[in-house]
Amino acid sequence: MIRNIVFDMGNVLIQWRPDLFVEGLGVPPEDRSLLLRELFGSVEWIQMDRGTLSMEDGLAAVRPRLPERLWDAAGELTRNWWRRWLLPVEGMADLVRELKGLRYGVYLLSNAKEDLPLYFGRIPGSECFDGRIVSADWKLLKPQPEIYQTLLREYDLRAEECFFIDDLNINIEGAKLVGMDGAIFDGDLSRLRRSLSAAGVPVKP
């Protein structure tokens, strides 16, 4: 029986669109692909998510690969993206609150940087969460089995009683490797609700 629902954050609870962040910052079109590749697509970005590289050290490593005119933009996108572009995925806050009202445990499991505590309160339905595991805090990344096992251990949860929601199939596969059921969220909230219902979670259609 499912007793706990575990949510990813980016493109599940909030929108994660680096291309729109770069455009919204006013970066000239001819520079956008370079900035997306060398910042968001970099090894350093992954290391910052893993917590093995600080945000400032990550920026210092990225800057030499960028023209100086993009340094300020890289810093703003790394440090302050959430101040401008933390936008909810429509309907997810209602789902989180509905699940909480049904007495399900609600948890966050996300690849995210050390600064998540600064904006956690702005995440839709954050007041309902019973706990959170963030990659940078544990030096682990989804889909490593160890990060799912950390969630289970830290909150005394049983894998077979958890249902994981993520926007990437590889992360759902990681959850399944430790015995957690789950479903991909591709933006279709009705489909997600049907998946929850099929798993025995009595959410509204």
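What follows draws every value from the coordinates through simple rules; no lab data is involved. Values in this document were obtained by computation on a predicted structure and should not be read as measured data. All Cβ positions, glycine included, derive from the backbone under ideal geometry; neighbour counts span all protein chains shown.
Residues checked against (1) in contact with a Ser or Thr (Cβ under 7 Å, 6 or more places away or on another chain); (2) surrounded by fewer than 16 Cβ atoms within 10 Å (Cβ to Cβ); (3) under 15 Å from Met9 (Cα atoms):
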site: Asn111; (1), (2), (3): yes, no, yes
site: Leu140; (1), (2), (3): yes, no, no
site: Phe164; (1), (2), (3): no, no, yes
site: Arg191; (1), (2), (3): no, yes, no
site: Gly200; (1), (2), (3): no, yes, no
Next on the checklist: I'm trying to understand the selection: among the residues of segment 7-20, which are buried (at least 17 other Cβ atoms within 10 Å of the Cβ) and out of contact with any Asp or Glu (no Cβ under 9 Å at 6 or more places or on another chain)?
Outcome noted: Met9, Leu13, Ile14, Pro18
Checklist entry - Which residues, counting only those in segment 21-47, are touching a residue at least 60 places away in the same chain (Cβ under 8 Å) and surrounded by fewer than 20 Cβ atoms within 10 Å (Cβ to Cβ)? => result Gly24, Ile46
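Restricting the search to segment 182-205, which residues are among the small types (Gly, Ala, Ser) and touching a Pro at 6+ places or on another chain (Cβ under 8 Å)? Before the answer, list the steps.
Step one: of segment 182-205, the residues among the small types (Gly, Ala, Ser) are 182-183, 187, 190, 195, 197-200.
Those that are among the small types (Gly, Ala, Ser) and touching a Pro at 6+ places or on another chain (Cβ under 8 Å): Ser190, Ser197.
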Next on the checklist: So, restricting to strands (runs of 3 or more DSSP E) that lie completely within segment 96-205, which ones have at least 3 residues that are of a type outside the set (A, V, I, L, M), touching a helix residue (DSSP H, G or I) at 6+ places or on another chain (Cβ under 8 Å) and touching a residue at least 60 places away in the same chain (Cβ under 8 Å)?
Outcome noted: 162-166
Checklist entry - In the list Gly125, Gly105, Gly174, which residue meets the criterion of being at positive phi, surrounded by 15 or more Cβ atoms within 10 Å (Cβ to Cβ) and touching a Lys or Arg at 6+ places or on another chain (Cβ under 7 Å)? => result Gly125
Item to check | Close pairs from segment 7-19: first without any contact (Cβ under 8 Å) to a residue 24 or more places away in the chain and more than 20 Å from Glu98 (Cα to Cα), partner among the aliphatic types (A, V, I, L, M) and surrounded by fewer than 19 Cβ atoms within 10 Å (Cβ to Cβ), Cβ under 9 Å, at least 6 apart | outcome: Asp19/Leu36
Checklist outcome for this item: Selection from segment 58-76 of residues closer than 17 Å to Asp115 by Cα, surrounded by fewer than 17 Cβ atoms within 10 Å (Cβ to Cβ) and in contact with a helix residue (DSSP H, G or I) (Cβ under 8 Å, 6 or more places away or on another chain) yields Gly75
